[in-house]
Amino acid sequence: METPKYLQVLWNYKWVLVLGALVAAVAAFFAGFAIVNGQVVSRAQQTWSAATTMLVTSPADRLYQAEVPGVPIQQGTSEPQVIDLASTALVYAYILSGDMIQDAVEAEIGALDDETESITALRRTTQPTGDERFPGRLSLPVLEAVGTAETADRAEEISRAAAAAFTTYVVAQQEEQQLAPELRVLLEPIGASPAVEGDSSNPAIPVVVTFVGVFLAFVVLVFIIAGLRSRSAKRKAARAEKAAAAAEEPVDETDAAPVTPAKSTDDVAPEAEAGELVGAGPPSRRSGRASREDETA
């Protein structure tokens, strides 16, 4: 079985392909990693998330009360209505994720990177160890301020600053509305969890893509060089064949110069008999006399 032509070309330029593999490996390394302070660091984008948990409560909260005592009801007044703080916590999550809180956080810790840093909030619906990506069925007055960044420290800083800014915002709103202290909503911090690593991009993708792309570029270069050399060889062979054909071609008789035939002795004889010498001029009288005397003798 004959070896395919393209495999022969690749084998003839195997050293070019080896060089291409080395260049592709170096390019792939720097596409996936970077050297920072003498250490190799992955270029894959990593995200960290930190959460600060707050309990939405009030001064008249009955969370630690086992029984609600009876109260006398006066005629002409209605019984106080307790607001559902679990529903309020859901509204607070939207406010905490809004631009007002982000502006306050940026004024405190600096501007946030739009691509890698963010402030979000959520109302808890699961057990403390649960994940809100798979929400539960509970309605809890528990609010979380979540900060996301490329580093754990930055994520924790954003989360803590967002919780503090939201608490300050709520107090300011209560002061503006001049609410009585016993009627105000309270935000009690429950805990601040350390940052956890979130989903990050696959570091192998840029490495593989870069290596394959650079190596294929060298393969294409090999075929281009082989094609140029093949065309050059064909042109040289054609010129050599044309020159050899011109050297072996016979000379055409019609193209040769005409040859004037030499005069034979038969053509010269009549002139001699006439007594004329070619190129000597007319015969003299003395020569004519001598010939007569010979004739008479």
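Using the 1.4 Å probe convention, the accessible area of the range 88-141 works out to 65 Å² per residue with neighbouring protein chains retained.
In a fully extended conformation the segment linking Leu138 and Ala240 would gain 27.6 nm over its present Cα-Cα distance, using 0.36 nm per residue.
Projected label points at Leu183 and Leu19, each 7 Å from Cα along the beta carbon direction, are separated by 8.4 nanometres.
The values are calculated or read from the model by the stated rules, or taken from the named source; none is laboratory data. This one's a predicted model, so the numbers in the text were calculated from it and none came from an experiment. Because the Cβ atoms are built from the backbone with ideal geometry, glycine has one as well, and the counts that use them run over all protein chains shown. The accessibility values were calculated without ligands, DNA or RNA, using every heavy atom of the protein model including side chains. Shrake-Rupley method; radii C 1.70, N 1.55, O 1.52, S 1.80 Å.
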